[in-house]
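The values are calculated or read from the model by the stated rules, or taken from the named source; none is laboratory data. This is a predicted model, so every value here is computed, not measured. Glycine also receives a Cβ, built like all others from the backbone with ideal geometry; neighbour counts cover every protein chain displayed. Ligands, DNA and RNA are stripped out before the accessible areas are found, and what is left, the full protein with its side chains, is counted by its heavy atoms. Shrake-Rupley method; radii C 1.70, N 1.55, O 1.52, S 1.80 Å.
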Amino acid sequence: MKNTILVFLCALAFFSCVEKHTETSAVTITVQLSEDLDVENVDGRLLLMLSNNEEAEPRFQIEDGLKTQLIFGKNVEGLQPGDKVTFTEEDFGFPFESLTDIPKGDYNVQALLHVYETFNLSTGHTVKLPMDNGEGQQWNKSPGNLYNLPVKVTLNTTSEISEVITLDKIIPPIEEAADTEWIKHIKMKSEKLSEFYGRDMYVGAHILLPKGFDKHPEAKYPLMVFQGHFPADFGGFRTTPPDPNMKPEYSARFSLDGYNIIEQQEAYDFYKRWTSPDFPRMLIIQIQHPTPYYDDSYAVNSAAQGPYGDAITYELIPFIEKQFRGIGEGWSRFLYGGSTGGWESLAVQVKYPKEYNGCFAACPDPIDFRAYCLTNIYEDENAYYYESDFNTLEVPAHRDYLGNISSTLRRANHLELVLGDKSRSGQQWDIWEATYSPLGDDGYPQRIWDKYTGDIDKEVANYWKENYDLRHILERDWSKLGPDLKGKIHIYCGDMDNYYLNNAVYLMEDFLENTSEPYYDGEVAYGDRAEHCWNGDPDSPNAITRLRYNTMYVPKIMKRIAESAPKGADVTSWRYK
């Protein structure tokens, strides 16, 4: 009997080995640069994508959620037309780590080369980074990137597969937004950033002019800075009613039919309010400050991205105020925004307390790194998994208002690792790293955690704490900052924020409500069961209030001006009908 069992086990082991070998037969896909491309010595991140549907090109179906398609990535240098690069089982991918793990079937295959440029930084480092080309750091549509139209490939895991994909197209330039009667666009060279990057670097803005701007040359205006992701143009403003011929579109995020029509109606309603007799006459700006790491800089100085905070506050804003008759004093400037823009609004107010007179920070990115979403970077050892001797449970990254999870921290970071190493993915976790981290010996940001394993670097975490943990900075420096921030801090967040951002807001509120000499005298409010990005209106749904940033804080801004404008300040020239 024992001999029979032994023979059976040996046979089982043999056939298991045969089956495993069959399932992991070699798959290689070669990407070739067309001989007809007018390029040379191209560096960058070569991305290989596969999709099993026709909904869109594979490059537009990559995400960290459940609907993602497949992607693999590797660095390339000095490519010439005709050169070939082969993807093998050794190249890291998402959500499958290896080409050999892909299920057999028919796929649409597409490759894209995200082009890097060389920067000689003032720190003495030479780095290769993707320059923004007017698209707001979007790797799948950045002008100058090389790609091919999808081709059909059949993967049969029972035999070796070798395919060749030819990159023969270049994403064309983007046409810049044109000036209108109400909206103007400016771009200026930043001397501070140009010195840091070793080349000419620019920042820009879209400016919404008040009614009567040309008819009242005597007027000087307060400035409202709408912080947020890269804006192609000034959004949420239109001078005509919704297009009657526009086909209604469904918003999966808000479960609303015809949300595109709602957006246009809200934009038109804003125009009517903006031009009404009683609306205060102000300037509103949306800033363009993409960096080689992301679609915006987070509006602060950083070791890896350079002095964007100073460039915006001391170069760009005075330039705009001079050209468009801004008052140009700290009491007349206000900050607001949501998500990234929420963090920026609070951070800029904290970093430049006398240069601005109030911030309205909605659903801000983590403002206390003890709640870096669901990770405490000071106490947790690993960001991807909860601590346990015997269980393996991943830390969530995204939920809906009922708590249903659609992604994890490990998945989000592994996708970024495919899109680009050295914090070059252009995605969320990497930009936090590029903003908050010290510079490594190689000139790139130091990792807060091992991108593959999730193990946290406590030395880097301490650097983050002392330089960018806003709650810690406020608590540490309240005796100095408090007098300049009294009445200026307003924070709003849904208590079911999709990214768990409310957790850090709770910690910030605990500190603020216990301040003294002075008491912070601001506001922290929560939306019941509200998702990302609730911004303070308890009576309207999130889908609507997110379209009203430019008007909803105006009453509070006017109250603040009335209470804080210095004696002799111009509080009348801009109050015409």
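Worth a mention:
- Taking every DSSP beta bridge that has both ends in the chain, the antiparallel portion is near 65%.
- Within segment 368-399, GluC sites (Glu not before Pro) in DSSP loop having at most 13 other beta-carbon neighbours inside 10 Å: Glu379, Glu381, Glu387
- Whole-number D in µm²/s for segment 64-135 (Stokes-Einstein; Kirkwood sum over Cα pairs; 4 °C, 1.567 mPa s): 85 µm²/s
- Distance between segment 284-354 and segment 557-573 - C-alpha centres, whole angstrom: 22 Å
- Computed over the Cα atoms of segment 163-223, pair by distinct pair, the Kirkwood hydrodynamic radius stands at 15.8 angstrom.
- Heavy-atom accessible area with a 1.4 Å probe sorts Lys211, Lys67, Lys480, largest first, into Lys67, Lys480, Lys211.
- Average projected area [Cα convex hull, segment 452-577], square nanometres: 11.6 nm²
- With contacts taken as Cα pairs under 8 Å and at least 6 residues apart, the chain reaches a relative contact order of 13 percent.
- Amide proton proximity set for Ala304, modelled H, under 5 Å, gap of 5+: none
- Segment 68-151: trypsin sites (Lys or Arg not before Pro) falling in loop per DSSP and having at most 16 other Cβ within 10 Å: Lys104, Lys141
- DSSP-loop trypsin sites (Lys or Arg not before Pro) across segment 317-359, with at most 13 other Cβ within 10 angstrom: Lys354
- Here the Karplus relation 6.51 cos²θ - 1.76 cosθ + 1.60, evaluated at θ = phi - 60°, turns the backbone of segment 494-506 into coupling constants of x, 7, 10, 3, 4, 10, 6, 6, 5, 4, 6, 5, 4 Hz, with x for every Gly and Pro.
- Amide H partners (placed H, <5 Å) of His532, local residues excluded: Asn498, Tyr499
- Converting phi to 3J(HN,Hα) with the Karplus coefficients 6.51, -1.76 and 1.60 and the offset θ = phi - 60°, segment 214-221 yields 6, 7, 10, x, 7, 7, 10, 10 Hz in sequence order, with x at every glycine or proline.
- Counted charge near Ser573, where neighbours are those whose Cβ lies closer than 12 Å (Asp, Glu -1; Lys, Arg +1): +2
- Estimated purely from DSSP H runs of n ≥ 4, each contributing -39500 (n - 2.57), the mean residue ellipticity at 222 nm for the chain is -7500 deg cm²/dmol once divided by its residues.
- Probe 1.4 Å, protein heavy atoms only - accessible area per residue of segment 454-575 in square angstrom: 46 Å²
- Accessible-area value, Val115, 1.4 Å probe, nucleic acids and ligands omitted, Å²: 40 Å²
- Normalised by the number of residues in segment 112-161, the mean separation of alpha-carbon contacts (under 8 Å, six or more apart) gives a relative contact order of 33 percent.
- Taking the protein heavy atoms of the chain in the context of the full set of protein chains, the accessible area attributed to carbon and sulfur is 49 percent at 1.4 Å.
- For peptides 164-175, 258-269, 285-296, 237-248, sequence by mean Cβ density within 10 Å, most packed first: 285-296, 258-269, 164-175, 237-248
- The distance separating the Cα centre of segment 421-493 from that of segment 234-274 comes to 36 Å.
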